[in-house]
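Worksheet: the structure to be examined is printed underneath.
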Ligand SMILES: [Zn+2]
């Protein structure tokens, strides 16, 4: 159930039975030699739509560009500064809160968004609960949750089983597989050399490019396939639907 495909009356009647909404958030950044620039937004959006169907929940518009400063050494990457992303999240959440939405479940496709999202949630709480300024009525609390699509227990086990140490941490074998499952017409034939990219830490964009010249970190996305992507998608959706439902039911 996409917010963008509803009428305002349909949204009003949804709000009579639920105040929950799923918000996909991704990124637009390099994903190595065979990964799509849009990988993180594509995965987050498709999985969010699946979760929306499984949990009979509204799905909001995707935040398609995230915090990807460290990927800016590679052509096509785009980034929001952390402060810009926080401002966008705040405006998305507070505009929907105006109509009665109170539970915001962000399905995230990009590790680089995590710190900024946590900060954005506190910006929102500071404003909503009057930590600064006027205090809102008791009991009318607004909650935000971030769930990375690859993070569930079953997902961890699946990644270990399918890719082991070749999963990596950027341009991962599983995210490339999910895009290949969703968009088989975009599959790239590329040389992946060495098969498993080096791992490790980095600082800014220039340092990232120096350490990880083809953009990958620790991964071998040469092992990706649409069939593996289907398994990841089909494991992630029900696991996240459960987490979403538990989030809505949380009283304390
Ligand atoms: Zn990614």
Enumeration of residues in region 200-221 that are surrounded by 19 or more Cβ atoms within 10 Å (Cβ to Cβ), touching a helix residue (DSSP H, G or I) at 6+ places or on another chain (Cβ under 8 Å) and at negative phi: 208, 219, 220, 221
Index of the failed condition, residue 144 passing every other in (1) surrounded by 18 or more Cβ atoms within 10 Å (Cβ to Cβ); (2) more than 16 Å from the ligand (Cβ to nearest atom); (3) more than 21 Å from residue 62 (Cα to Cα): (3)
Any hit, region 10-29, residues being surrounded by fewer than 21 Cβ atoms within 10 Å (Cβ to Cβ) and within 16 Å of the ligand (Cβ to nearest atom): no
Tabulated pairs, region 19-42, first within 30 Å of residue 140 (Cα to Cα) and modelled with pLDDT of 95 or more, second in a loop (DSSP other than H, G, I, E, B) and near the ligand (Cβ under 8 Å from one of its atoms), C-beta under 6 angstrom, 6+ apart or interchain: 26/109; 26/110
Every residue from region 30-47 that is near the ligand (Cβ under 9 Å from one of its atoms) and either over 11 Å from the mean Cα position of the chain (by Cα) or assigned to a strand (DSSP E or B) (or both): 31, 35
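Okay, residues lined up against (1) surrounded by fewer than 21 Cβ atoms within 10 Å (Cβ to Cβ); (2) modelled with pLDDT of 95 or more:
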site: 108; (1), (2): no, yes
site: 113; (1), (2): no, yes
site: 119; (1), (2): yes, yes
site: 125; (1), (2): yes, no
site: 129; (1), (2): yes, no
site: 135; (1), (2): yes, no
site: 140; (1), (2): yes, no
site: 152; (1), (2): yes, no
Qualifying residue in region 63-71 (condition: assigned to a helix (DSSP H, G or I), more than 13 Å from the ligand (Cβ to nearest atom) and within 23 Å of residue 35 (Cβ to Cβ)): yes
Search result, residues across region 1-18 that are free of Cβ contacts under 8 Å to residues at least 12 places away in the same chain and either under 30 Å from residue 168 (Cα atoms) or in contact with a strand residue (DSSP E or B) (Cβ under 7 Å, 6 or more places away or on another chain) (or both): none
Condition met for residue 84 (within 16 Å of the ligand (Cβ to nearest atom) and either more than 15 Å from the chain's Cα centre (by Cα) or in contact (Cβ under 8 Å) with a residue 12 or more places away in the chain (or both)): no
Helices (runs of 4 or more DSSP H) fully within region 154-252 counting 3 or more residues that are away from the ligand (no atom under 14 Å from the Cβ): 205-211, 226-249
Pairs with Cβ under 6 Å, 6+ apart, first in region 146-163 and free of Cβ contacts under 8 Å to residues at least 40 places away in the same chain, second part of a helix (DSSP H, G or I) and surrounded by fewer than 20 Cβ atoms within 10 Å (Cβ to Cβ): none
Residue 51 being more than 16 Å from the ligand (Cβ to nearest atom), within 22 Å of residue 229 (Cβ to Cβ), surrounded by 24 or more Cβ atoms within 10 Å (Cβ to Cβ) and touching a residue at least 60 places away in the same chain (Cβ under 8 Å): yes
Selection status of residue 22, within 30 Å of residue 251 (Cβ to Cβ) and outside any helix (DSSP H, G or I): yes
Within region 74-118, tally of residues that are in a helix (DSSP H, G or I) and either under 21 Å from residue 245 (Cα atoms) or out of contact with any helix residue (DSSP H, G or I) (no Cβ under 6 Å at 6 or more places or on another chain) (or both): 18
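The values are calculated or read from the model by the stated rules, or taken from the named source; none is laboratory data. Note that the coordinates shown come from a computational prediction; the quantities given were computed from them, not determined experimentally. Note that each Cβ is placed from the backbone with ideal geometry, even for glycine, and that neighbours are counted across all protein chains shown.
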